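Remarks on the structure that follows.
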Amino acid sequence: MDIEELYVPYIGFKVAKSHGVKTTVFGCGIGPLKQDKYQNCVKDIFTLADEVKLRDNNSIASYNQYGLKVKAELFGDPAKGLVLQRSQTINPKKDNVISCFLREWTFHYFNGTQDEFKIQKKKLEAGIAQLIKTEAQRRNANRIELHHMHNFVVGNDDRDFSRYFMETFFKDDPRVIMDKKLSTVDTVIAAMKKSKLNICMRFHSVLFAHTLETDFLAIDYTMKGKIHAFLKDNNAFHKKITVEHLMSSK
């Protein structure tokens, strides 16, 4: 996608090829790519790859447009196998709780100007808050928990967004709590398996919730990107909630 960190794997592949080391693109998706420099960098990485194993059919289609010699293989996301393995020994007691796995919406996923994005971002956040409140009321949940898939500075620590989100939309709601600790695969699995409903926004939260066969909703903040592609490949479009729908929520 459009991030400067693309040049890290590019340099790694370049050095590897100069030493005759086999290179593989493994379990990745492609996009969103808006700027030519990043599009070219992705193509250069693939040009240096001996094997290409991608996670969804949409990414295969994007890769094929480059017209490269190496044929891409549909591999799926390697996280799925780990989730299945780890979940076998994690069996928490069911709780009357809705768990949320949200993230800050960033400009990478928006087609328009920065000024337009700021307005739409506020609408989306309000729509997500309304979705949570509606589902909590509909399911008579005692608690709403904010959990986190991503704790790194690069890519935005989800806990920072949760603090802002709680302060903005749930300041006086005692049902809402957040997990302040660093996340692990096991803590995410436990949170999802105990919940009545998982409201997912981070891509891998969608993958986890689907793999664990939980009741979940998937907010497609990528706007027909990787979340759309995952749900499409897994016949789970009925779980998708669009950005447009949330922005129009009252």
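The values are calculated or read from the model by the stated rules, or taken from the named source; none is laboratory data. Just so it is clear, the structure is predicted and the values come from calculations on it, not from any experiment. Backbone-built Cβ (ideal geometry, glycine too); neighbour counts: all protein chains shown.
If the condition is being free of Cβ contacts under 8 Å to residues at least 60 places away in the same chain, touching a Leu at 6+ places or on another chain (Cβ under 8 Å) and not small (Gly, Ala, Ser), then the range 70-95 contributes Glu73, Leu74, Phe75.
Considering the conditions (1) surrounded by 15 or more Cβ atoms within 10 Å (Cβ to Cβ); (2) under 14 Å from Ala79 (Cβ atoms), Asp186 is excluded by exactly one of them, (1). Only residues that are surrounded by 12 or more Cβ atoms within 10 Å (Cβ to Cβ) and of a type in the set (Asp, Glu): list them for the range 88-115, please. Across the range 88-115, the qualifying residues are Asp95, Glu104. Counting only strands (runs of 3 or more DSSP E) wholly contained in the range 186-242, the ones carrying 2 or more residues that are of a type in the set (Val, Ile, Thr) occupy 240-242.
The conditions of being more than 22 Å from Lys224 (Cβ to Cβ), crowded, with 18+ Cβ neighbours inside 10 Å and in contact (Cβ under 8 Å) with a residue 40 or more places away in the chain are not met by Ser59.
Would you please name the residue that is modelled with the highest pLDDT, looking only at residues in the range 212-250 that are touching a His at 6+ places or on another chain (Cβ under 8 Å) and under 18 Å from Gln120 (Cβ atoms)? Filtering the range 212-250 for residues that are touching a His at 6+ places or on another chain (Cβ under 8 Å) and under 18 Å from Gln120 (Cβ atoms), the one modelled with the highest pLDDT comes out as Asp220.
Quick check: is even one residue across the range 141-152 under 16 Å from Arg202 (Cα atoms) and surrounded by fewer than 16 Cβ atoms within 10 Å (Cβ to Cβ)? Yes, because at least one residue in the range 141-152 is under 16 Å from Arg202 (Cα atoms) and surrounded by fewer than 16 Cβ atoms within 10 Å (Cβ to Cβ).
Can you confirm whether the range 156-163 contains a residue that is of a type outside the set (Ser, Thr, Tyr) and not in a helix (DSSP H, G or I)?
Within the range 156-163 (the criterion being of a type outside the set (Ser, Thr, Tyr) and not in a helix (DSSP H, G or I)), the answer is yes, since at least one residue qualifies.
Against the test of being free of Cβ contacts under 8 Å to residues at least 40 places away in the same chain, assigned by TED's automatic domain parsing to the domain that holds Asp179 and at positive phi, the options Gly67, Gly112 yield a single qualifying residue, Gly112.
This table checks each residue for (1) out of contact with any Cys (no Cβ under 6 Å at 6 or more places or on another chain); (2) outside the structural domain of Glu145 (by TED's automatic domain parsing); (3) touching a residue at least 40 places away in the same chain (Cβ under 8 Å).
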position: Asp173; (1), (2), (3): yes, no, no
position: Asp186; (1), (2), (3): yes, no, yes
position: Asn198; (1), (2), (3): yes, no, yes
position: Arg202; (1), (2), (3): yes, no, yes
position: Ala218; (1), (2), (3): no, no, no
position: His238; (1), (2), (3): yes, no, no
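The sole residue among Asn140, Asn111 that is in a loop (DSSP other than H, G, I, E, B), modelled with pLDDT of 95 or more and not basic (Lys, Arg) is Asn140.
Restricting attention to the range 17-46 and to residues that are under 18 Å from Ala72 (Cα atoms) and aromatic (Phe, Trp, Tyr), the residue that is surrounded by the most Cβ atoms within 10 Å (Cβ to Cβ) turns out to be Phe46.
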